[in-house]
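The values are calculated or read from the model by the stated rules, or taken from the named source; none is laboratory data. If you're wondering where the values come from, they're calculated on a predicted model, not measured in any experiment.
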Amino acid sequence: MIKTIKSLITKGDIMNNSTQLQNIENKLSQLIELVGTPKEWFNTNEISHYLGYSKESIHKMVKSGEFKQGIHYHKKIKRLLFSKKAIDLWVKSDIPANSINYNTDDKINEILSSIAA
């Protein structure tokens, strides 16, 4: 992208060529859109960079249950995809994720029992 902008600049005087100026404006708009779009899902490599942990540490956290499938990550076509929202909550939490009870069946039954009563 930068090479494209540089080549447009060196090809002539930008102020005298509105087409070149429009091309630069379009490229900058595309760049702003890409940079400004927050990412919701991260692969293992991206989440390791995001958190500052090694990929091996991420895999250990998955195997130990620190990260829960269906909450912190999902498996799709042999890849782990991590939810940024869930990982952010994990970072902010004082309680280790593997000590939290995520038994949703019990909670569902409790709610249904209270409705039926």
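Here are the numbers for the structure shown:
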| read-out | value |
| --- | --- |
| Those residues of the stretch 28-59 which are modelled with pLDDT of 90 or more, among the charged types (D, E, K, R) and more than 20 Å from K92 (Cα to Cα), in sequence order | K55, E56 |
| Residue list for the stretch 45-59, restricted to those being within 14 Å of the chain's Cα centre (by Cα) and of a type in the set (F, W, Y) | Y50 |
